[in-house]
Amino acid sequence: MHGGGFVVGTAAGAVGLASAVGRTAGAESIAVDYRLAPEHPFPAGLDDVVAAYTTLLDSGTPESSIAIVGESAGGNLVLATLVALRDRRLPLPACAVVMSPFVDLTLDTSSRSGKAELDPALSTSALRRRISEYLADTDPRHPLASPLLADLRGMPPLLVQVGSYEVLLDDALELVRRAAHADVDVALEVTAGVPHVFQTRLAVLDEAREVIESVGRFIDRHTRRP
């Protein structure tokens, strides 16, 4: 699931990262072209991701062979999808990966001001605009809008990746803390000196190649191929 603050981005634009993850995991990758705000506010994008996943199940793909991956706002949709699936008593995927996840739409986490001068990709003012466009009249504390605030019990193994220069650093750190308290098998990878969704810079950053390889190993370890 691509990022873009819920309002920009396409599946076509996500193909490079999705393909890299698929190659390292030895798996087929699918990029989901979910509907975007403000024309399609919450929960339209989430509904599309849930529909894409259930379509895979309906086609005969076993949940044990599926990993769900997303970056930034796409990481939000990954976690919200897991919560929605669990609450509907639907089969959960084998594992999930979130990169630089934007999971607290209340903007209560504290790294935004401290990292503002280091992260060239995001600012608090830009995040506020995206939240307003995405949520419309929805309370940002809704657990499917801010999955950081959801009950995370029963989630599948989760890998969280983030850069130390990110304004969303504390989203990732708090997510790991809450997941651990919910007895989720969760792993955290913080890469020093890199900005938001550095994984997309495979052509220029050794760190990006290294963490994508880690994603592949994580997925390979937790999935069972038919």
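Of the residues making up region 124-150, those that are in contact with an Asp or Glu (Cβ under 9 Å, 6 or more places away or on another chain) and either charged (D, E, K, R) or open to solvent by 50 Å² or more (accessible area, probe 1.4 Å) (or both) number 2.
Just one of the numbered conditions (1) more than 13 Å from V162 (Cβ to Cβ); (2) in contact with a Pro (Cβ under 8 Å, 6 or more places away or on another chain); (3) surrounded by fewer than 21 Cβ atoms within 10 Å (Cβ to Cβ) is not true of A121: (1). In region 20-48, of all residues being of a type in the set (G, A, S) and closer than 12 Å to M1 by Cα, the one that is surrounded by the fewest Cβ atoms within 10 Å (Cβ to Cβ) corresponds to S29.
When residues of region 189-215 are filtered for being of a type in the set (K, R) and in contact with a helix residue (DSSP H, G or I) (Cβ under 8 Å, 6 or more places away or on another chain), how many remain? Here the count works out to 1.
Restrict the check to region 6-18 and report whether at least one residue is part of a loop (DSSP other than H, G, I, E, B), buried (at least 21 other Cβ atoms within 10 Å of the Cβ) and hydroxyl-bearing (S, T, Y). Within region 6-18, not a single residue is part of a loop (DSSP other than H, G, I, E, B), buried (at least 21 other Cβ atoms within 10 Å of the Cβ) and hydroxyl-bearing (S, T, Y). For R177, only one of the following conditions fails: (1) touching a helix residue (DSSP H, G or I) at 6+ places or on another chain (Cβ under 9 Å); (2) at pLDDT 95 or above; (3) of a type in the set (D, E, K, R). What is its number? R177 satisfies every listed condition except (1).
Cβ-Cβ distances below 7 Å connect the following pairs, each with a first residue in region 6-23 that is under 17 Å from V97 (Cα atoms) and in contact (Cβ under 8 Å) with a residue 24 or more places away in the chain, a second residue that is in a helix (DSSP H, G or I) and open to solvent by 20 Å² or more (accessible area, probe 1.4 Å), and a separation of six or more residues or different chains: L17/T200.
Hey, among the residues in region 187-208 that are surrounded by 15 or more Cβ atoms within 10 Å (Cβ to Cβ) and part of a helix (DSSP H, G or I), which one's farthest from the chain's Cα centre (by Cα)? Of everything passing the filter in region 187-208, E207 is farthest from the chain's Cα centre (by Cα).
The values are calculated or read from the model by the stated rules, or taken from the named source; none is laboratory data. Quick caveat: nothing in here was measured; it's all calculated off a predicted structure. So basically every Cβ, Gly included, is an ideal-geometry build from the backbone, and we count neighbours across all protein chains shown. Areas reflect the complete protein model, heavy atoms only, side chains present, ligands, DNA and RNA absent. Shrake-Rupley method; radii C 1.70, N 1.55, O 1.52, S 1.80 Å.
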